[in-house]
Amino acid sequence: MNILIWSPFLQKVGTTTNVLNIIDSINKYSKKNSFKIDLLDVFGEWENYEFERVKVNKISLLNYNFLKKIRKNGFIRSRIITILIIILSIIPLAKQLKKKNYNFFFVHLITSLPIILTRFIKKETKLILSIAGFPKLTLMRSLFWKHFQNRIYKIICPSIETKELLVEKKIFDKNKLSVIKDPHINVKEIIKKKNMLSDKSLNLSKNIVTIGRLTKQKNYIFLLEAFKNILNIKNDIHLTIIGEGEDRDLIEKKIRDLEIDKNVSLEGYQKNIYKYLNDPLCYFSASLWEGPDLAMLDAAFLNVPIICSDCKSGRKEFIEENKRGYIFKTNNMSSLISAFELFFRDNDLEIKKKLLEAKKEVKNFTQFRYYLNLKKILIN
(Lines give C-alpha, C1' and ligand atoms only; values in the text may rest on other atoms or scores of the structure.)
Protein backbone atom coordinates (compact mmCIF):
# COMPACT_ATOMS: atom_id res chain seq x y z
CA MET A 1 0.00 0.00 0.00
CA ASN A 2 1.14 3.55 -0.79
CA ILE A 3 0.74 6.32 1.79
CA LEU A 4 1.33 10.05 1.25
CA ILE A 5 1.92 12.02 4.48
CA TRP A 6 1.61 15.79 4.66
CA SER A 7 2.43 17.69 7.84
CA PRO A 8 3.52 21.27 7.02
CA PHE A 9 4.97 23.44 9.80
CA LEU A 10 6.77 26.78 10.09
CA GLN A 11 8.67 26.25 13.34
CA LYS A 12 10.02 23.19 15.09
CA VAL A 13 7.23 21.78 17.25
CA GLY A 14 6.86 18.56 19.18
CA THR A 15 4.17 17.22 16.87
CA THR A 16 6.65 17.02 13.98
CA THR A 17 8.55 14.36 15.92
CA ASN A 18 5.27 12.47 16.07
CA VAL A 19 5.14 12.39 12.28
CA LEU A 20 8.54 10.68 12.19
CA ASN A 21 7.38 8.30 14.92
CA ILE A 22 4.23 7.48 12.91
CA ILE A 23 6.38 6.61 9.89
CA ASP A 24 8.80 4.66 12.06
CA SER A 25 6.02 2.67 13.72
CA ILE A 26 4.51 1.67 10.36
CA ASN A 27 7.91 0.62 8.98
CA LYS A 28 8.95 -1.17 12.13
CA TYR A 29 5.83 -3.24 12.80
CA SER A 30 4.19 -3.83 9.40
CA LYS A 31 4.95 -7.21 7.87
CA LYS A 32 7.51 -7.32 5.04
CA ASN A 33 7.37 -3.53 4.54
CA SER A 34 3.81 -3.77 3.26
CA PHE A 35 3.50 0.04 3.28
CA LYS A 36 5.52 2.44 1.12
CA ILE A 37 5.51 5.98 2.51
CA ASP A 38 6.09 9.33 0.80
CA LEU A 39 6.59 12.43 2.97
CA LEU A 40 5.85 15.85 1.47
CA ASP A 41 8.55 18.45 2.09
CA VAL A 42 6.62 21.57 1.10
CA PHE A 43 9.23 24.32 1.33
CA GLY A 44 12.24 22.63 2.93
CA GLU A 45 10.88 22.35 6.47
CA TRP A 46 12.16 18.76 6.75
CA GLU A 47 15.68 19.62 5.52
CA ASN A 48 17.38 19.62 8.93
CA TYR A 49 15.69 16.53 10.32
CA GLU A 50 17.58 13.28 10.73
CA PHE A 51 16.06 10.37 8.83
CA GLU A 52 18.59 7.69 9.76
CA ARG A 53 16.08 5.71 11.80
CA VAL A 54 13.11 6.43 9.51
CA LYS A 55 12.68 4.82 6.11
CA VAL A 56 10.74 7.29 3.96
CA ASN A 57 10.78 8.80 0.49
CA LYS A 58 10.89 12.59 0.86
CA ILE A 59 9.21 14.56 -1.95
CA SER A 60 10.08 18.25 -2.41
CA LEU A 61 6.98 20.21 -3.37
CA LEU A 62 8.03 23.88 -3.72
CA ASN A 63 11.42 25.03 -4.97
CA TYR A 64 11.19 28.59 -3.67
CA ASN A 65 14.39 29.45 -1.78
CA PHE A 66 12.90 32.68 -0.44
CA LEU A 67 10.45 30.65 1.68
CA LYS A 68 13.39 29.15 3.59
CA LYS A 69 14.93 32.55 4.29
CA ILE A 70 11.82 34.42 5.45
CA ARG A 71 11.53 34.93 9.20
CA LYS A 72 8.55 32.90 10.33
CA ASN A 73 8.20 33.97 13.97
CA GLY A 74 5.49 36.36 15.11
CA PHE A 75 1.74 35.68 15.07
CA ILE A 76 0.72 37.86 12.10
CA ARG A 77 3.81 37.02 10.02
CA SER A 78 3.37 33.27 10.56
CA ARG A 79 -0.29 33.42 9.51
CA ILE A 80 0.52 35.36 6.33
CA ILE A 81 3.28 32.91 5.39
CA THR A 82 0.99 29.95 6.09
CA ILE A 83 -1.63 31.35 3.70
CA LEU A 84 1.07 31.99 1.07
CA ILE A 85 2.40 28.44 1.36
CA ILE A 86 -1.11 26.99 1.09
CA ILE A 87 -1.82 28.97 -2.08
CA LEU A 88 1.51 27.98 -3.66
CA SER A 89 0.98 24.32 -2.68
CA ILE A 90 -2.41 23.71 -4.26
CA ILE A 91 -1.38 23.01 -7.87
CA PRO A 92 1.86 21.03 -7.13
CA LEU A 93 0.05 18.95 -4.50
CA ALA A 94 -2.85 18.24 -6.83
CA LYS A 95 -0.36 17.07 -9.48
CA GLN A 96 1.39 14.78 -6.97
CA LEU A 97 -1.92 13.21 -5.93
CA LYS A 98 -2.77 12.47 -9.56
CA LYS A 99 0.75 11.29 -10.40
CA LYS A 100 0.84 8.26 -8.09
CA ASN A 101 -1.72 5.73 -6.92
CA TYR A 102 -1.94 6.38 -3.20
CA ASN A 103 -4.12 4.20 -1.02
CA PHE A 104 -4.10 6.79 1.76
CA PHE A 105 -3.49 10.53 1.98
CA PHE A 106 -2.56 11.05 5.64
CA VAL A 107 -2.66 14.68 6.78
CA HIS A 108 -1.33 15.96 10.10
CA LEU A 109 -1.61 19.51 11.60
CA ILE A 110 -3.38 21.15 8.64
CA THR A 111 -6.97 19.99 8.27
CA SER A 112 -8.90 22.23 5.86
CA LEU A 113 -6.98 22.56 2.57
CA PRO A 114 -6.71 18.76 2.06
CA ILE A 115 -10.51 18.51 2.03
CA ILE A 116 -10.60 20.93 -0.92
CA LEU A 117 -7.96 18.85 -2.65
CA THR A 118 -10.13 15.73 -2.49
CA ARG A 119 -11.56 16.75 -5.87
CA PHE A 120 -8.10 15.96 -7.30
CA ILE A 121 -7.75 12.68 -5.41
CA LYS A 122 -8.43 9.43 -7.17
CA LYS A 123 -11.41 7.49 -5.87
CA GLU A 124 -9.25 4.74 -4.40
CA THR A 125 -7.24 7.25 -2.31
CA LYS A 126 -8.68 7.60 1.19
CA LEU A 127 -8.18 10.84 3.14
CA ILE A 128 -7.23 10.48 6.82
CA LEU A 129 -7.13 13.63 8.96
CA SER A 130 -5.01 13.48 12.10
CA ILE A 131 -6.09 16.25 14.47
CA ALA A 132 -3.38 17.70 16.69
CA GLY A 133 -4.61 18.79 20.09
CA PHE A 134 -7.97 20.41 20.72
CA PRO A 135 -9.32 22.13 17.56
CA LYS A 136 -10.71 25.65 17.67
CA LEU A 137 -14.19 25.19 16.25
CA THR A 138 -14.86 28.53 14.62
CA LEU A 139 -18.16 28.85 12.77
CA MET A 140 -16.35 28.80 9.42
CA ARG A 141 -14.32 25.68 10.23
CA SER A 142 -17.32 23.83 11.69
CA LEU A 143 -19.48 24.51 8.62
CA PHE A 144 -16.60 23.62 6.30
CA TRP A 145 -15.86 20.30 7.99
CA LYS A 146 -19.52 19.37 8.20
CA HIS A 147 -20.12 20.15 4.52
CA PHE A 148 -17.14 18.14 3.25
CA GLN A 149 -17.16 15.29 5.75
CA ASN A 150 -18.28 12.74 3.14
CA ARG A 151 -14.90 13.18 1.43
CA ILE A 152 -13.04 12.10 4.58
CA TYR A 153 -12.39 8.44 5.30
CA LYS A 154 -11.30 8.72 8.95
CA ILE A 155 -10.48 11.38 11.55
CA ILE A 156 -7.87 10.46 14.16
CA CYS A 157 -8.31 12.22 17.52
CA PRO A 158 -5.46 12.38 20.06
CA SER A 159 -7.80 12.09 23.06
CA ILE A 160 -11.27 11.03 24.13
CA GLU A 161 -11.98 14.67 24.98
CA THR A 162 -11.33 15.77 21.39
CA LYS A 163 -13.58 13.02 20.02
CA GLU A 164 -16.37 13.92 22.45
CA LEU A 165 -16.20 17.56 21.36
CA LEU A 166 -16.62 16.64 17.68
CA VAL A 167 -19.45 14.23 18.50
CA GLU A 168 -21.19 16.83 20.68
CA LYS A 169 -21.01 19.49 17.96
CA LYS A 170 -22.28 16.94 15.40
CA ILE A 171 -19.56 17.93 12.94
CA PHE A 172 -18.54 14.44 11.86
CA ASP A 173 -20.30 11.11 11.79
CA LYS A 174 -19.04 9.45 14.99
CA ASN A 175 -18.22 6.30 13.02
CA LYS A 176 -15.52 8.27 11.20
CA LEU A 177 -13.81 9.22 14.49
CA SER A 178 -11.07 7.12 16.10
CA VAL A 179 -9.01 7.85 19.21
CA ILE A 180 -5.35 6.90 18.78
CA LYS A 181 -2.79 8.13 21.31
CA ASP A 182 0.26 9.83 19.82
CA PRO A 183 3.22 7.45 19.19
CA HIS A 184 5.56 9.68 21.14
CA ILE A 185 7.36 7.13 23.28
CA ASN A 186 10.25 5.46 21.49
CA VAL A 187 11.89 3.67 24.41
CA LYS A 188 15.26 2.94 22.78
CA GLU A 189 15.59 6.45 21.36
CA ILE A 190 14.78 8.18 24.67
CA ILE A 191 17.23 6.07 26.68
CA LYS A 192 19.90 6.54 24.01
CA LYS A 193 19.56 10.34 24.02
CA LYS A 194 19.30 10.54 27.80
CA ASN A 195 22.56 8.61 28.22
CA MET A 196 24.34 10.24 25.29
CA LEU A 197 23.95 13.82 26.42
CA SER A 198 23.48 13.44 30.14
CA ASP A 199 25.23 16.39 31.78
CA LYS A 200 26.38 15.33 35.22
CA SER A 201 27.37 18.93 36.00
CA LEU A 202 23.70 19.91 36.02
CA ASN A 203 22.31 19.95 39.57
CA LEU A 204 18.61 19.44 38.90
CA SER A 205 17.38 18.31 42.30
CA LYS A 206 15.92 21.76 43.05
CA ASN A 207 15.08 22.54 39.45
CA ILE A 208 11.56 22.92 38.06
CA VAL A 209 11.56 22.25 34.31
CA THR A 210 9.06 23.48 31.73
CA ILE A 211 9.35 22.62 28.04
CA GLY A 212 7.57 24.18 25.09
CA ARG A 213 7.58 26.90 22.45
CA LEU A 214 7.55 30.46 23.77
CA THR A 215 4.03 31.21 22.57
CA LYS A 216 0.68 32.26 23.97
CA GLN A 217 -0.47 28.63 24.08
CA LYS A 218 2.11 27.74 26.75
CA ASN A 219 0.89 30.56 29.03
CA TYR A 220 4.36 31.58 30.23
CA ILE A 221 3.32 34.95 31.66
CA PHE A 222 0.94 33.25 34.08
CA LEU A 223 3.54 30.53 34.74
CA LEU A 224 6.17 33.12 35.72
CA GLU A 225 3.74 34.93 38.02
CA ALA A 226 2.96 31.57 39.61
CA PHE A 227 6.65 30.78 40.04
CA LYS A 228 7.11 34.11 41.83
CA ASN A 229 4.46 32.98 44.33
CA ILE A 230 6.00 29.50 44.63
CA LEU A 231 9.30 31.11 45.63
CA ASN A 232 7.50 32.50 48.67
CA ILE A 233 6.85 28.90 49.74
CA LYS A 234 10.22 27.43 48.76
CA ASN A 235 12.89 30.01 48.00
CA ASP A 236 15.80 27.74 47.03
CA ILE A 237 14.33 26.43 43.76
CA HIS A 238 15.10 27.30 40.14
CA LEU A 239 12.95 27.38 36.99
CA THR A 240 14.44 26.23 33.67
CA ILE A 241 12.49 27.03 30.49
CA ILE A 242 13.31 24.98 27.38
CA GLY A 243 12.05 26.32 24.07
CA GLU A 244 12.12 29.17 21.58
CA GLY A 245 9.40 31.27 20.00
CA GLU A 246 7.71 34.53 19.16
CA ASP A 247 7.09 35.59 22.80
CA ARG A 248 10.73 35.47 23.96
CA ASP A 249 11.10 39.27 24.36
CA LEU A 250 7.83 39.45 26.29
CA ILE A 251 8.92 36.61 28.60
CA GLU A 252 12.36 38.12 29.22
CA LYS A 253 10.72 41.42 30.17
CA LYS A 254 8.32 39.65 32.54
CA ILE A 255 11.23 37.89 34.27
CA ARG A 256 12.95 41.26 34.82
CA ASP A 257 9.74 42.95 36.02
CA LEU A 258 9.12 40.18 38.55
CA GLU A 259 12.77 40.38 39.67
CA ILE A 260 13.22 36.61 39.46
CA ASP A 261 16.05 36.56 36.90
CA LYS A 262 18.40 34.86 39.41
CA ASN A 263 15.95 31.97 39.75
CA VAL A 264 14.95 31.57 36.09
CA SER A 265 16.96 30.53 33.04
CA LEU A 266 15.88 30.51 29.40
CA GLU A 267 17.75 27.71 27.64
CA GLY A 268 16.25 28.19 24.15
CA TYR A 269 15.55 25.35 21.74
CA GLN A 270 17.29 22.10 22.72
CA LYS A 271 17.70 19.25 20.27
CA ASN A 272 17.89 16.86 23.17
CA ILE A 273 15.63 17.73 26.13
CA TYR A 274 16.31 14.57 28.10
CA LYS A 275 19.34 15.83 30.02
CA TYR A 276 17.00 18.37 31.64
CA LEU A 277 14.65 15.56 32.66
CA ASN A 278 17.43 13.69 34.44
CA ASP A 279 15.92 13.73 37.94
CA PRO A 280 14.69 17.36 38.33
CA LEU A 281 12.36 18.40 41.14
CA CYS A 282 9.34 18.27 38.80
CA TYR A 283 7.94 19.05 35.34
CA PHE A 284 5.64 22.10 35.33
CA SER A 285 3.28 23.38 32.63
CA ALA A 286 0.50 25.98 32.66
CA SER A 287 -0.59 25.61 29.01
CA LEU A 288 -3.95 26.89 27.79
CA TRP A 289 -4.37 23.89 25.47
CA GLU A 290 -2.32 20.85 24.54
CA GLY A 291 -2.61 17.70 22.52
CA PRO A 292 -1.97 16.12 25.05
CA ASP A 293 1.55 17.27 26.07
CA LEU A 294 4.55 15.46 24.65
CA ALA A 295 7.03 16.81 27.20
CA MET A 296 4.66 15.62 29.95
CA LEU A 297 4.80 12.12 28.45
CA ASP A 298 8.61 12.26 28.42
CA ALA A 299 8.56 13.30 32.07
CA ALA A 300 6.22 10.45 32.97
CA PHE A 301 8.39 7.91 31.18
CA LEU A 302 11.51 9.20 32.98
CA ASN A 303 9.84 9.15 36.43
CA VAL A 304 9.62 12.93 36.85
CA PRO A 305 6.72 14.27 38.97
CA ILE A 306 4.19 16.24 36.88
CA ILE A 307 2.39 19.44 37.89
CA CYS A 308 0.20 20.83 35.11
CA SER A 309 -2.98 22.68 34.17
CA ASP A 310 -6.19 20.82 33.31
CA CYS A 311 -6.27 22.41 29.85
CA LYS A 312 -7.82 20.79 26.81
CA SER A 313 -7.11 18.16 25.56
CA GLY A 314 -6.02 14.90 27.08
CA ARG A 315 -4.23 16.00 30.24
CA LYS A 316 -7.16 15.32 32.56
CA GLU A 317 -7.42 11.86 31.02
CA PHE A 318 -3.76 11.25 31.76
CA ILE A 319 -3.45 12.72 35.27
CA GLU A 320 -6.95 11.51 36.32
CA GLU A 321 -7.68 13.57 39.44
CA ASN A 322 -4.10 13.61 40.79
CA LYS A 323 -3.71 9.84 40.32
CA ARG A 324 -0.61 10.23 38.11
CA GLY A 325 0.54 13.72 39.05
CA TYR A 326 -0.77 17.05 40.32
CA ILE A 327 -3.31 19.01 38.32
CA PHE A 328 -4.67 22.55 38.76
CA LYS A 329 -7.41 24.60 37.10
CA THR A 330 -6.16 26.49 34.06
CA ASN A 331 -5.28 30.12 34.83
CA ASN A 332 -6.33 29.69 38.47
CA MET A 333 -3.55 30.87 40.78
CA SER A 334 -4.97 29.53 44.04
CA SER A 335 -5.55 26.11 42.47
CA LEU A 336 -1.97 26.11 41.17
CA ILE A 337 -0.50 27.06 44.55
CA SER A 338 -2.57 24.33 46.20
CA ALA A 339 -1.16 21.76 43.74
CA PHE A 340 2.41 22.77 44.57
CA GLU A 341 1.70 22.80 48.30
CA LEU A 342 0.34 19.26 48.02
CA PHE A 343 3.44 18.21 46.06
CA PHE A 344 5.81 19.72 48.66
CA ARG A 345 3.77 18.10 51.44
CA ASP A 346 3.53 14.60 49.97
CA ASN A 347 6.01 12.04 51.24
CA ASP A 348 8.24 9.97 48.97
CA LEU A 349 5.84 7.01 49.02
CA GLU A 350 2.91 9.10 47.77
CA ILE A 351 5.01 10.61 44.99
CA LYS A 352 6.35 7.20 43.96
CA LYS A 353 2.78 5.85 43.69
CA LYS A 354 1.94 8.64 41.24
CA LEU A 355 5.13 8.05 39.26
CA LEU A 356 4.36 4.33 38.98
CA GLU A 357 0.82 4.99 37.74
CA ALA A 358 2.09 7.55 35.21
CA LYS A 359 4.70 5.10 33.91
CA LYS A 360 1.96 2.49 33.37
CA GLU A 361 -0.29 4.95 31.51
CA VAL A 362 2.47 6.24 29.24
CA LYS A 363 2.67 2.77 27.65
CA ASN A 364 -0.46 3.75 25.71
CA PHE A 365 1.70 6.28 23.83
CA THR A 366 4.27 3.85 22.43
CA GLN A 367 4.89 3.31 18.73
CA PHE A 368 3.76 -0.31 18.93
CA ARG A 369 0.40 0.59 20.50
CA TYR A 370 -0.09 3.30 17.87
CA TYR A 371 0.57 0.90 15.00
CA LEU A 372 -1.88 -1.69 16.34
CA ASN A 373 -4.63 0.94 16.42
CA LEU A 374 -3.72 2.51 13.06
CA LYS A 375 -3.62 -0.91 11.41
CA LYS A 376 -7.34 -1.31 12.16
CA ILE A 377 -7.97 1.78 10.01
CA LEU A 378 -5.53 0.98 7.20
CA ILE A 379 -6.53 -2.66 6.86
CA ASN A 380 -10.29 -2.60 7.20
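The values are calculated or read from the model by the stated rules, or taken from the named source; none is laboratory data. Given the structure is predicted, the values throughout are model-derived calculations rather than measurements. Cβ: placed from backbone, ideal geometry, glycine included. Neighbour counts: every protein chain shown.
Which condition breaks for Lys72 when tested against (1) part of a helix (DSSP H, G or I); (2) at pLDDT below 65; (3) surrounded by 14 or more Cβ atoms within 10 Å (Cβ to Cβ)?
Condition (1) is where Lys72 drops out.
Ile260: among the β-branched types (Val, Ile, Thr) and buried (at least 21 other Cβ atoms within 10 Å of the Cβ), yes or no?
Here the answer is no, as Ile260 does not meet what is asked.
Could you list, ordered by first residue, the pairs with Cβ atoms under 8 Å in which the first is in the stretch 174-188 and farther than 15 Å from Thr17 by Cβ and the second is assigned to a loop (DSSP other than H, G, I, E, B), at least 6 apart or interchain?
Hits for this filter: Lys176/Ile152; Lys176/Tyr153; Val179/Pro158; Val179/Ser159; Ile180/Pro158.
Residue by residue, here is whether (1) of a type in the set (Gly, Ala, Ser); (2) assigned by TED's automatic domain parsing to the domain that holds Glu50; (3) farther than 27 Å from Val187 by Cβ holds:
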{"site": "Leu250", "(1), (2), (3)": "no, no, yes"}
{"site": "Asp257", "(1), (2), (3)": "no, no, yes"}
{"site": "Gln270", "(1), (2), (3)": "no, no, no"}
{"site": "Ile273", "(1), (2), (3)": "no, no, no"}
{"site": "Pro280", "(1), (2), (3)": "no, no, no"}
{"site": "Tyr283", "(1), (2), (3)": "no, no, no"}
{"site": "Ala286", "(1), (2), (3)": "yes, no, yes"}
{"site": "Phe301", "(1), (2), (3)": "no, no, no"}
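Give the residue that is surrounded by the fewest Cβ atoms within 10 Å (Cβ to Cβ), with candidates limited to residues of the stretch 15-64 that are outside any helix (DSSP H, G or I) and in contact (Cβ under 8 Å) with a residue 60 or more places away in the chain.
The qualifying residue surrounded by the fewest Cβ atoms within 10 Å (Cβ to Cβ) is Arg53.
Considering Ile255, Ile241, which residue is at pLDDT 95 or above, closer than 19 Å to Asp298 by Cα and not hydroxyl-bearing (Ser, Thr, Tyr)?
So the residue among Ile255, Ile241 that is at pLDDT 95 or above, closer than 19 Å to Asp298 by Cα and not hydroxyl-bearing (Ser, Thr, Tyr) is Ile241.
Residues being within 28 Å of Val304 (Cα to Cα) and among the β-branched types (Val, Ile, Thr): count how many of those fall in the stretch 360-379.
Adding up the residues that qualify gives 2.
Can you name the residue in the stretch 354-380 that is surrounded by 14 or more Cβ atoms within 10 Å (Cβ to Cβ) and over 30 Å from Lys31 (Cα atoms) and, of all such residues, is nearest to the chain's Cα centre (by Cα)?
Ala358
Is it the case that Lys363 is out of contact with any Gly (no Cβ under 8 Å at 6 or more places or on another chain), under 22 Å from Lys194 (Cα atoms) and either touching a residue at least 60 places away in the same chain (Cβ under 8 Å) or not in a helix (DSSP H, G or I) (or both)?
yes
When residues of the stretch 316-350 are filtered for being buried (at least 16 other Cβ atoms within 10 Å of the Cβ), modelled with pLDDT of 95 or more and part of a helix (DSSP H, G or I), how many remain?
Within the stretch 316-350, residues that are buried (at least 16 other Cβ atoms within 10 Å of the Cβ), modelled with pLDDT of 95 or more and part of a helix (DSSP H, G or I) number 5.
Counting just the residues of the stretch 199-219 that are of a type outside the set (A, V, I, L, M) and over 17 Å from the mean Cα position of the chain (by Cα), which one comes out modelled with the highest pLDDT?
Applying the filter and picking the extreme gives Asn207.
Can you find a residue that is of a type in the set (Lys, Arg), under 28 Å from Ile306 (Cβ atoms), assigned by TED's automatic domain parsing to the domain that holds Asp247 and free of Cβ contacts under 8 Å to residues at least 24 places away in the same chain anywhere in the stretch 135-152?
Checking the stretch 135-152: not a single residue is of a type in the set (Lys, Arg), under 28 Å from Ile306 (Cβ atoms), assigned by TED's automatic domain parsing to the domain that holds Asp247 and free of Cβ contacts under 8 Å to residues at least 24 places away in the same chain.
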